Each structure stands twice: as C-alpha cells, then as structure tokens.
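The values are calculated or read from the model by the stated rules, or taken from the named source; none is laboratory data. In this text, all values refer to a predicted model and were calculated from it rather than measured experimentally. Backbone-built Cβ (ideal geometry, glycine too); neighbour counts: all protein chains shown.
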C-alpha cells in the first residue's frame, strides 16, 4: 500500500495537471436557485483552470437523490449530495433500500446545509406545528430538501396527510410564496441562498424556528442532523437569529474514478478554495477539518492520498 501511494505521489509530485487527451467531466448539482449549481460551476472552473487534460461542466438536476442515481449509473462523474442521502445510497437504506450504491466514494464534505422553513411575515405560521393544514412545498421530487423535510416532519409527528404537499424546486417555491399559491416552503441549502434573497427583496418573509425538542427529535431519526443558527440579518427584515438544523453536503464520485484524478480534484478543491469563495460564500466552510469530521461515507483512495500528504490523519471509518 505504501509503495502504491509512493508511485502515485511521485507521478503527481507538487503539480495537479494530468497528462492525456481532454476528458469532459460532468458535475451533477441541483436547481439554479440553490447553492449546488453555483458551487458546482465554481468547481468546474477550478478543474478547467488547474487540471490539464480535463474540462468540466455543472449540470442542472433534481439534486441529491437524483444525483446519487447518476453517480451509481456512471452518468455523472462528480455530484453534490446531502450527507444523509449519500449514506442511505451507500448502505442501501431509506430511499435506496432497493438500489444500494456501494461504489459511493467521497472526495470531501464541503459545507453544511441549513434547513430553512420560509413563510410570509403575515401568514400566522410561527412554528413547525402551524404547518398542519397548510399548503407546503417540501422541495423538488428526488431532492435532498424533500428527504430532510420529510424526516423533520415525521420526527415531530407531522405526516404528508397533515399538509397539502407541493413538490417545487427552490425558484418555484419562492415564486409560489410570492404569489400566494402556498403558505410555506422548505429549503435545505447553504445559506444565504439566492431564491430566498430575491423573495425577501419583494415580500416580507419570516423563518420558522425549531424548538430544542424538535431538533432532538430530528436527530434521533437522522443522526447526521446537527443544530444550526441562521444569523440575524441574513435576509431582509429577518432581524433575529433562527434556530434550525443542518446537514453536511458531500462531493461524491464513483469508486471507479482513477486515484490520480480523485487526488487532483481534492488538491484543487482545498488549495484553490479562495476562487470558490469568490463565487459563493458557502465555500468558506470548505475546509479539511470539516471534511474529515463530517463525511458520512468512505473517501476515495485518491482523496485519502491528498489528506495524508498534507499531514492529516484519516479516520478508519473513512477508509474503503
């Protein structure tokens, strides 16, 4: 194993560029109103600029659940997915009970998503329980937002039969709130997100806070959830901090990706992070420490090589 690592490292040394013909890489992201798409576009730019022989493009998708299917089938080379979705795919549980994707490998956990429950300020909705009997967007079909929304509701005794369910993407949810077609909507995304910012610029909005008990209930059902505070002033006229839950976002690939390419992507991700931050502030949380403490599935051997090369200890649970 040491010899293999030495040979890979010797071939790459201090440079990222890879020899060979130009290879097009597809990055599965999400809708244009969230963070996945601009973040994935930024990652594509890093690959285009800094990895010779490769180009990349960010693809609009239905987000996490769909993205895991694309990785499993080999239809995408990289994908951004929520941690619980990646874990379920890898273990063949939850939404992936009949389609286990055990070739799931991670490059890194890149930033946390915050579950944001948005309503209009005059809606009368001030708590999770107030959603009962209301028209609620739980996210696009096959998205990590819907997975998170369903888990949070279920953990706190609310079923889809208690609400009028709409399955809309981020931009559609914002438009429906603006037009009065729904009463509330879920976002599971790195804050702040453009579709909520745009909505808040034209309507007075409110964010629904979770209680400590509601957060604890959610964590019992989904251990990857963690408490998170949406800071005051993040959105127009939302002047108080709001307690909610968060979940890591993971950059995943198929185990069949070459060690050399996985190493190169990992190296670029962490050594050119400033270029990502310039595209979206969520990349401020793209750190080695966050990655090694938050990733829920095994790392790709090429990624492990990079982490160990910079002196990090990779936990045994992250080794395939």
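Here are the numbers:
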read-out	value
Top-ranked residue in the stretch 227-239 [being touching a strand residue (DSSP E or B) at 6+ places or on another chain (Cβ under 9 Å) and loosely packed, with under 15 Cβ neighbours inside 10 Å; ranked as farthest from residue 180 (Cα to Cα)]	227
All positions within the stretch 143-160 that are surrounded by 24 or more Cβ atoms within 10 Å (Cβ to Cβ) and in a loop (DSSP other than H, G, I, E, B)	143
Yes/no for residue 282 being closer than 30 Å to residue 120 by Cα, touching a helix residue (DSSP H, G or I) at 6+ places or on another chain (Cβ under 7 Å), buried (at least 19 other Cβ atoms within 10 Å of the Cβ) and not assigned by TED's automatic domain parsing to the domain that holds residue 91	no
Lone unmet requirement of (1) surrounded by fewer than 24 Cβ atoms within 10 Å (Cβ to Cβ); (2) closer than 30 Å to residue 241 by Cβ for residue 64	(1)
Matching residues in the stretch 176-202 - criterion: being in a loop (DSSP other than H, G, I, E, B) and surrounded by fewer than 18 Cβ atoms within 10 Å (Cβ to Cβ)	180, 181
Filter result (in contact (Cβ under 8 Å) with a residue 60 or more places away in the chain and touching a strand residue (DSSP E or B) at 6+ places or on another chain (Cβ under 6 Å)) within the stretch 148-169	148
Filter result (crowded, with 21+ Cβ neighbours inside 10 Å and either closer than 15 Å to residue 38 by Cα or touching a strand residue (DSSP E or B) at 6+ places or on another chain (Cβ under 6 Å) (or both)) within the stretch 299-320	299, 300, 303
Answer residue from the stretch 33-57, given it is assigned to a loop (DSSP other than H, G, I, E, B) and under 14 Å from the mean Cα position of the chain (by Cα) and is modelled with the highest pLDDT among those	35
Yes/no for residue 197 being under 21 Å from the mean Cα position of the chain (by Cα), outside the structural domain of residue 26 (by TED's automatic domain parsing), touching a residue at least 24 places away in the same chain (Cβ under 8 Å) and farther than 30 Å from residue 42 by Cα	no
Within the stretch 18-32, considering residues that are outside any strand (DSSP E or B) and under 18 Å from residue 107 (Cβ atoms), the one modelled with the lowest pLDDT	18
